[in-house]
Amino acid sequence: MTEKEEAVQRMQDYIAAHLTERITLADLSEAACYSPWYSARLFKELTGSAPADYIRRLKLSKSALRLRDETCRIIDVAYDMGFGSVDGYQRAFFREFGCNPKEYALNPIPLSLFTPFGVKFRELWKETSNMENIRNIFIQVIDKPSRKVIIKRGQNATDYWTYCQEVGCDVWGILTSMKSLSGEPVCLWLPEQYRKPGTSEYVQGVEVAADYNGSVPDGFDVISLPEAKYLMFQGEPFAEEKYCEAIEAVQTAMNRYDPKVIGYVWNDADPRIQLEPIGTRGYIELRSVK
């Protein structure tokens, strides 16, 4: 990273660590090691948002997930996230998401949550790795139930990079706002039978129950997947900025692996599944077997 990117990344890390507190420009300036004025200008230049807007949107998105997943009072959520008043929190929530927090808590709908991408990832698209270090890969057989997946299709995308260029990265925020069987959004490589003409092999979505009849965001589709057995490949924990290397290590191991050694063969009639690369747990990918 450049010196400027390192400074902004330090500010982003500070915000993430102190989100429930009152964060001032002086705090961010100290983290960045630049003047307040220059820190604010640098932050907006590299993230596209002023620090105050970035913090507000992140607080509101975190509060929405809490309203979705917990039984809690609006006043507690507002003050826990550092808002000065309930009225101010409610107005900010409505301006951001177009609905009242109380209404949302009673009937959660898909929201476009703010996803704070670290600037340290800016230069890592399709980085080349020489794979000098051998990595351990954990392999486990898991069973997937019959289910539906609410997906957002691209046009020609075959991986995350081309998908983001076609669809944009904001779709991940919508997917994160939706409750999923697996507890998080998924990325899928769709076999031909699940693709529509002129749409991409690679999609992002959320797995929901087979009898799901709830909200589907505009521009999204629903596909039904059968019960299936998968091999889950999980790599070692990794430094977040090394995620491309972590992905390559797992995919290389998966391509070399022969499931016949445990009595299976690959089943390419089911989608291959990718989970979000999270350094603390290691990169995870799943491929169907029979």
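The values are calculated or read from the model by the stated rules, or taken from the named source; none is laboratory data. Keep in mind the model is a prediction, meaning the values are calculated, not measured. As a convention, Cβ positions derive from the backbone with ideal geometry for all residues, glycine included, and neighbour counts pool all protein chains shown.
Just to verify a result, which residue in the stretch 127-164, among those that are of a type in the set (D, E, K, R), surrounded by 15 or more Cβ atoms within 10 Å (Cβ to Cβ) and under 25 Å from residue 246 (Cβ atoms), is modelled with the lowest pLDDT? It comes out as 135.
Test residue 60 against the criterion of being at pLDDT 95 or above and aliphatic (A, V, I, L, M), and give yes or no. Lay out the reasoning, then the answer.
Values: at pLDDT 95 or above: yes; aliphatic (A, V, I, L, M): yes.
For residue 60, the condition - at pLDDT 95 or above and aliphatic (A, V, I, L, M) - is met.
The set of residues in the stretch 100-115 that are surrounded by 16 or more Cβ atoms within 10 Å (Cβ to Cβ) and out of contact with any Lys or Arg (no Cβ under 8 Å at 6 or more places or on another chain) comprises 101, 110, 111, 112, 113, 115. Determine, yes or no, whether residue 278 is of a type in the set (Val, Ile, Thr) and at pLDDT below 95. Considered against the rule, which asks whether it is of a type in the set (Val, Ile, Thr) and at pLDDT below 95, residue 278 comes out as yes. State whether the residues of the stretch 205-222 include one that is charged (D, E, K, R) and crowded, with 20+ Cβ neighbours inside 10 Å. Looking for residues that are charged (D, E, K, R) and crowded, with 20+ Cβ neighbours inside 10 Å, one finds at least one in the stretch 205-222, hence yes.
Here's the yes/no breakdown for (1) charged (D, E, K, R); (2) part of a loop (DSSP other than H, G, I, E, B):
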site	(1), (2)
252	no, no
261	no, no
270	yes, yes
282	no, yes
287	yes, no
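Residue 112 satisfies every condition listed in (1) modelled with pLDDT under 90; (2) assigned to a loop (DSSP other than H, G, I, E, B); (3) not aromatic (Phe, Trp, Tyr) except (1). Only one of the numbered conditions (1) outside any helix (DSSP H, G or I); (2) touching a residue at least 60 places away in the same chain (Cβ under 8 Å); (3) more than 20 Å from residue 268 (Cβ to Cβ); (4) not aliphatic (A, V, I, L, M) is violated by residue 173, and that is (1). Restricting attention to the stretch 226-250 and to residues that are touching a helix residue (DSSP H, G or I) at 6+ places or on another chain (Cβ under 8 Å) and in contact (Cβ under 8 Å) with a residue 60 or more places away in the chain, the residue that is farthest from residue 148 (Cα to Cα) turns out to be 241.
State yes or no: is residue 48 on the phi > 0 side of the Ramachandran plot and out of contact with any Asp or Glu (no Cβ under 9 Å at 6 or more places or on another chain)?
yes
Count, please, the residues in the stretch 1-13 that happen to be surrounded by fewer than 15 Cβ atoms within 10 Å (Cβ to Cβ) and within 23 Å of residue 80 (Cα to Cα). Matching residues across the stretch 1-13 total 1.
One line per residue, one yes/no per condition, for (1) of a type outside the set (Asp, Glu); (2) more than 19 Å from the chain's Cα centre (by Cα); (3) at pLDDT 95 or above:
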| position | (1), (2), (3) |
| --- | --- |
| 192 | no, yes, yes |
| 199 | yes, yes, yes |
| 207 | no, no, yes |
| 215 | yes, yes, no |
| 251 | yes, yes, no |
| 273 | yes, no, yes |
| 289 | yes, yes, yes |
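A search for C-beta distances below 6 Å between a residue of the stretch 152-168 that is under 13 Å from residue 189 (Cα atoms) and any residue that is part of a strand (DSSP E or B) and modelled with pLDDT of 90 or more, counting only pairs 6+ apart in sequence or on different chains, returns 152/204; 153/203; 157/202; 158/202; 159/202; 163/202.
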